[in-house]
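Written out below as structure tokens is the structure these notes cover.
The values are calculated or read from the model by the stated rules, or taken from the named source; none is laboratory data. Quick caveat, the model's predicted, so the values are computed rather than measured. Ideal geometry is used to build each Cβ from the backbone, glycine not excepted, and the neighbour counts take in all protein chains shown. Areas reflect the complete protein model, heavy atoms only, side chains present, ligands, DNA and RNA absent. Shrake-Rupley method; radii C 1.70, N 1.55, O 1.52, S 1.80 Å.
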Amino acid sequence: MGGRQRPPRARNPRQSRPAGAGRRADSRVGLARIEGFLAWEAEVAAAERDARAFAGQFPWLPAAERESLEQAYTADRLRYAEEVVDRAVERCRRLAARYRSECRRICTRWAALCLSVTIAAALFAVVPAALRG
């Protein structure tokens, strides 16, 4: 029908990866892209099917106008689907940033606690020896 639009924007994989993580990360990115492509193609097929069903409700329209209606319906539906995906991606990015921030905060507190315990243990080991001598 020709109503296809581009699939939703995909996030670029990170440019620098730790050594040894290349193949596994590349295969995950590749699988995610294939999954995204298949999901988008399914959405396009559903939009086209629904457009034909919608336009079929108007049998008095000439074939050219019915096809134009199908194309407009499909384009509108795909535009909406793209907006939904973009909002979901943005929400995922915000959540990931929030979780990274929270993880950093927790790790910092844990490191401070471990350092405090280590210093206290060292003081308890050194102070009695210093008081005896």
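Side notes on the structure shown:
- Checklist (1) of a type outside the set (Phe, Trp, Tyr); (2) in contact (Cβ under 8 Å) with a residue 24 or more places away in the chain; (3) open to solvent by 70 Å² or more (accessible area, probe 1.4 Å) applied to Val85, failing item: (3)
- Residue match in region 25-42 (condition: in contact (Cβ under 8 Å) with a residue 24 or more places away in the chain, touching a helix residue (DSSP H, G or I) at 6+ places or on another chain (Cβ under 7 Å) and assigned to a helix (DSSP H, G or I)): no
- Only one of Phe37, Phe54 that is surrounded by 11 or more Cβ atoms within 10 Å (Cβ to Cβ) and at pLDDT below 95: Phe37
- Residue in region 104-114 that is among the polar types (S, T, N, Q) and in a helix (DSSP H, G or I) present: yes
- Check on Leu113, of a type in the set (A, V, I, L, M) and in contact (Cβ under 8 Å) with a residue 12 or more places away in the chain: no
- Looking only at residues of region 1-31 that are of a type in the set (Gly, Ala, Ser), under 16 Å from the mean Cα position of the chain (by Cα) and modelled with pLDDT under 90, we find that the one that is most open to solvent (accessible area, probe 1.4 Å) is Ala10.
- Residue ID - farthest from Val85 (Cα to Cα), chosen from residues in region 47-60 that are without any contact (Cβ under 8 Å) to a residue 12 or more places away in the chain and in a helix (DSSP H, G or I): Ala53
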